Amino acid sequence: MDETQLPHIVRNTMLPYGQQWLDEEDIAAVVEVLRGDLITQGPVIQAFETKVANYVGAQYAVAFANGTAALHGACFAAGISQGDEVITTPITFLASSNCILYQGATPVFADIDMNTYNLDPGQVELKITENTKAIIAVDFSGQPVEMDRLNMISKDNDLVLIEDAAHSLGASYQKVKVGSWADMTMFSFHPVKHVTTGEGGVIVTNNKQYYNQLQLFRSHGVNRNPDEMLNNEGPWYYEMHSLGYNYRMTDIQAALGVSQMNKLDQFVKRRREIAEQYDRELAGIKGLVLPYQHEGSNSSWHIYVTRWLPEVLNGTRKEFFEALRNLNIGVNVHYIPVYLQPYYQKLGYEPGLCPNAEHYYNTAITLPLYPRMSEQDVKDVINAVRKVVHDFSE
Ligand SMILES: *Cc1c(COP(=O)(O)O)cnc(C)c1O
């Protein structure tokens, strides 16, 4: 690359890798709830649940305090308990695996596909034993995992399939929106995700039994349905049949969620535009691997992950990362393989368990991507990547 073609990059502030986009409409929706009588478990929760269910094409939705609590609820509803094994991916946020531990079960890590960085269904099959109860698959970066194959594997082996779709709200697989492929699907509404409620999570399902279990679990396991009670001592009476938690979302959060959901399509569209621009303008750079799109999947682009090959670029991932940060590009790394965490190491998981995941981790850098980025922000990222590649290619 010719040095004179490299524009000078001057940013005074760090560009974050992700960020929410709230406007006056969102703020007004929250204030309206604050002025009312019910600030938690009022009517807006249900409005939010209906909105999410309708959007993703699922029958039922249950809102939780956050995505992690929602995953815990899904594990409970699936009947995951001590002695069970649950197969999941190491390349994910801790919560997709921790929720298995919450239920006293054992996470079993299967390796990833080196093109999509998603769970490799072939590797999942190899990990199935007589104790396997469920699969928790993650749509890493916003690209749906191969749900047709995972569904078939689950059916053949009588497993519950849970989809962690924290990255993939608005994405589709074989032209069907994420939300009806799995037995239960989790969406997160943390501020870096596609739309936000501050903290929040939702499980969608088409299964009435799971729906009932999820509702009990989020509120202390307390049942108020007279048809399902063992006794009925009066109008004040309620019964607890299972151990639940207080995992409820507030109406304040749900109001923000309803308002944000109105913008989801617009946000996803902008994310796709930015990803396309990165694809176009960073194509053909030696030593830089851009995201691969699996046939049939339409990503909603939670993150844009690049891989930097040290054998080609004369540097280490840490050096590339720091060089980008020095240009005020807030790059990040998603993720450290879960089983390499000290807590998991103490549980007996050993390095080398998933070679693809570890190789991936050692070369990955996430570029900033969120709808509110300006044209200039996007150009700054592109120019910074070109400059750092150039500097290390000398
Ligand atoms: C964000 C995230 C979660 C957890 O969601 P919270 O709402 O932050 O609890 C779980 N899994 C993945 C892959 C995530 O990115």
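Please treat every number below as a calculation from the coordinates, not as lab data. Given the structure is predicted, the values throughout are model-derived calculations rather than measurements. Glycine also receives a Cβ, built like all others from the backbone with ideal geometry; neighbour counts cover every protein chain displayed.
Classify the range 33-93: rounded, prolate or oblate, from the alpha-carbon gyration tensor (a ≥ b ≥ c, eigenvalue square roots; a/c under 1.5 rounded; otherwise prolate if a/b is larger than b/c)? Prolate is the answer for the range 33-93, as a/c is 1.5 or above and a/b outweighs b/c. For the peptides 306-314, 138-146, the ranking by mean Cβ contacts within 10 Å, running from highest to lowest, is 138-146, 306-314. Which loop-located trypsin sites (Lys or Arg not before Pro) does the range 140-182 contain, where loop means any DSSP state but H, G, I, E or B and the Cβ has at most 13 other Cβ atoms within 10 Å? For trypsin sites (Lys or Arg not before Pro) across the range 140-182 that sit outside H, G, I, E and B with at most 13 neighbouring Cβ atoms in 10 Å, the list reads Lys175.
In the chain, the DSSP beta bridges split such that about 60 percent are antiparallel, to the nearest 5.
Remark: the range 99-109, residue by residue, has Karplus-estimated 3J(HN,Hα) of 4, 6, 5, 3, 8, x, 9, 10, x, 10, 8 Hz, where x stands for each Gly or Pro and the curve is 6.51 cos²θ - 1.76 cosθ + 1.60 at θ = phi - 60°. Local charge for Leu353 was computed over the other residues whose Cβ lies under 13 Å away, with Lys and Arg +1 and Asp and Glu -1, and equals -2. Computed over the range 107-158, the alpha-carbon pair-distance distribution with 5 angstrom bins reads 4, 21, 35, 25, 12, 4, 0, each value a whole percent. Across the range 163-272, Cα-Cα distances exceeding 24 Å account for 38% of all pairs. All alpha carbon pair distances within the chain were sorted into 20 Å bins beginning at 0; the resulting P(r) in whole percents reads 27, 54, 17, 1, 0.
Extension gain for Leu309 to Asn12 (0.36 nm times residue separation, less C-alpha to C-alpha distance): 104.0 nm.
Each peptide in 105-115, 335-345 was scored by the mean count of other Cβ atoms within 10 Å over its residues; highest first, the order is 105-115, 335-345.
At q = 0.22 Å⁻¹, what base-10 log of I(q)/I(0) does the Debye formula yield for the range 118-221 when every alpha carbon is treated as an equal point scatterer in vacuo? Taken in order of the listed q values, log10 I(q)/I(0) reads -1.21.
Other residues within the sphere of radius under 15 Å centred on the Cβ of Leu290, judged by their own Cβ, net out at +2 (K and R +1, D and E -1).
Between Ala47 and Tyr102, residue separation times 0.36 nm minus the direct Cα-Cα distance comes to 16.9 nm. Spatial offset of the range 142-190 relative to the range 56-126 amounts to 11 Å, using the alpha carbon center of each.
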